[in-house]
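Below is one structure, written out as structure tokens, with a few remarks after it.
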Amino acid sequence: MRRSDREITSFNEVVNVLYRANTIRLGLFGGEYPYVIHLSYGFETSNGCIALYIHGAKEGLKHDLLVRNNRVCVETDIFHRYVEVSGSVTVEYESVIGFGIAETVVGAEAIHGLALLLTHCGYSAFEYDDKSALDAVKVMKITLTQFTGKRRFVNDGALAGSTGIEPAT
């Protein structure tokens, strides 16, 4: 990372950004050009690893590309605001980027993934029929093998304090 002073090095802080962000951008190998889509997600952590869960139609370009190559890039960010600094304009933000492997999950793991997704989207109490849901959608798990975070705050910390983290120095 070119600006190591902005790097988020704490695993818990990376997870905190994932918790507060609301969508991911999923980058796939698309042949002649990369293919990027935005998705809702759920996630869990275990022993320093991050697993993201996504869902969607059972067929389509995303699935065709993943069959050819299931290595993916994931990005999420939280835009806080634009701010003037030393005669220029910059942005205060937090972001996470990761690389991993996507795989289709079925049965109990797919139901678990849907529950994580609904919880992250604010619908943990939403009731649905597991069988009907799994008949309608495909659930995928993305296991991140590498990830990093980055942030920039330029003010005195008032904005950073409102997000529960401190600005990078």
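Readers should treat all values here as calculations from the given coordinates under stated rules, not as data from a laboratory. Here the structure is a predicted model, which means the values were calculated and not measured. Neighbour counts are summed over all protein chains in view; Cβ atoms, including those assigned to glycine, are modelled from backbone coordinates with ideal geometry.
Residue-by-condition table, conditions (1) assigned to a loop (DSSP other than H, G, I, E, B); (2) in contact with a Leu (Cβ under 7 Å, 6 or more places away or on another chain); (3) over 30 Å from Ser4 (Cβ atoms):
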{"site": "Tyr93", "(1), (2), (3)": "no, no, no"}
{"site": "Gly100", "(1), (2), (3)": "no, yes, no"}
{"site": "Glu103", "(1), (2), (3)": "no, no, yes"}
{"site": "Ala108", "(1), (2), (3)": "no, no, yes"}
{"site": "Ala115", "(1), (2), (3)": "no, no, yes"}
{"site": "Gly122", "(1), (2), (3)": "yes, no, yes"}
{"site": "Tyr128", "(1), (2), (3)": "yes, no, yes"}
{"site": "Ala133", "(1), (2), (3)": "no, yes, yes"}
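Checked against the criterion of being of a type in the set (Asp, Glu) and over 19 Å from Leu39 (Cα atoms), the candidates Glu84, Glu75 yield just one match: Glu84. In the range 98-140, the qualifying residues are those that are in contact with a strand residue (DSSP E or B) (Cβ under 7 Å, 6 or more places away or on another chain) and of a type in the set (S, T, N, Q), and the one that is farthest from Asp64 (Cα to Cα) is Thr119. Residue count for the range 67-120 under the criterion of being among the hydrophobic types (A, V, I, L, M, F, W, C), within 22 Å of Thr9 (Cβ to Cβ), buried (at least 19 other Cβ atoms within 10 Å of the Cβ) and over 15 Å from the mean Cα position of the chain (by Cα): the result is 0. Within the range 43-66, the set of residues being surrounded by fewer than 15 Cβ atoms within 10 Å (Cβ to Cβ), part of a helix (DSSP H, G or I) and touching a residue at least 24 places away in the same chain (Cβ under 8 Å) comprises Leu61 only. If the condition is being in a helix (DSSP H, G or I), under 17 Å from the mean Cα position of the chain (by Cα) and among the hydroxyl-bearing types (Ser, Thr, Tyr), then the range 1-42 contributes only Tyr19.
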